[in-house]
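Working notes, beginning with the structure itself.
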Amino acid sequence: MPTVAIDAYRDLIGQPLGTSDWLTVSQDMIDRFADATGDHQFIHVDPERAAATPFGGTIAHGFLSLSLMSALYETTDMPRPAGIRIGVNYGGDKTRFLTPVRSNKRVRAHFRLLAFDEKQPGRYQQTIEYVLEIEGEEKPALVSEWIMLFFT
């Protein structure tokens, strides 16, 4: 993963940073997420009942689609600010689930830097737009703003 000086990184505000690799959202992944969260709504875990819905089969949990952000972020070659010792999740803004991700569909993420501010000496707050594309679909699965804190 390439790194750039913090001042050069700030120059990327408003620019696309990168696109992840494709990832298949399998039924097994959906089932394991249901087990981890306790959300076993039939639309996610019962293919027979889900087939009778307008979706025609099971769909991923919206929060599963959102949580893929970290894994997809790691598959990009987008630049990171140099000198960062640690980054932690801080929160999110404006998350919208637009299109359900059907079981066994492939998704990938597009990232754009929205803000990068020094909040205290050696502590930075980054906001990135996360758009989850579904292969073959016109509308994305979701759009969200992801906020992280970085420490140098």
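Assorted remarks:
- Here Q120 passes the criteria (1) within 30 Å of T152 (Cα to Cα); (2) surrounded by 17 or more Cβ atoms within 10 Å (Cβ to Cβ) except the one numbered (2).
- Selection count where residues are in contact with a strand residue (DSSP E or B) (Cβ under 9 Å, 6 or more places away or on another chain), at pLDDT 95 or above and either part of a loop (DSSP other than H, G, I, E, B) or not aromatic (F, W, Y) (or both), scope segment 120-138: 13
- Flag for A5 being of a type in the set (A, V, I, L, M), over 23 Å from E137 (Cβ atoms) and out of contact with any strand residue (DSSP E or B) (no Cβ under 6 Å at 6 or more places or on another chain): yes
- Residue within segment 55-78 that is among the β-branched types (V, I, T) and under 15 Å from the mean Cα position of the chain (by Cα) present: yes
- Residue count for segment 1-54, restricted to those that are modelled with pLDDT under 95 and within 14 Å of N104 (Cβ to Cβ): 0.
- Cβ pairs under 6 Å, 6+ apart, first in segment 101-126 and over 30 Å from V45 (Cα atoms), second of a type in the set (K, R) and not in a strand (DSSP E or B): F116/R10
- In segment 79-98, the residues that are under 14 Å from the mean Cα position of the chain (by Cα) and not in a strand (DSSP E or B): L98
- Test set (1) loosely packed, with under 12 Cβ neighbours inside 10 Å; (2) in contact (Cβ under 8 Å) with a residue 40 or more places away in the chain; (3) of a type in the set (A, V, I, L, M, F, W, C); (4) assigned to a helix (DSSP H, G or I) - M1 fails condition number: (4)
- Only one entry in F63, F55 is surrounded by fewer than 17 Cβ atoms within 10 Å (Cβ to Cβ), in contact with a Pro (Cβ under 7 Å, 6 or more places away or on another chain), more than 20 Å from A115 (Cα to Cα) and in contact (Cβ under 8 Å) with a residue 12 or more places away in the chain, namely F55.
- Filter result for the condition that a residue is over 16 Å from H61 (Cβ atoms), in a strand (DSSP E or B) and touching a helix residue (DSSP H, G or I) at 6+ places or on another chain (Cβ under 6 Å), over F111, F116: F116
The values are calculated or read from the model by the stated rules, or taken from the named source; none is laboratory data. Note that the structure is predicted; figures quoted are calculated from it, not measured. Every residue, glycine among them, receives a Cβ derived from its backbone with ideal geometry; neighbour counts consider all protein chains shown.
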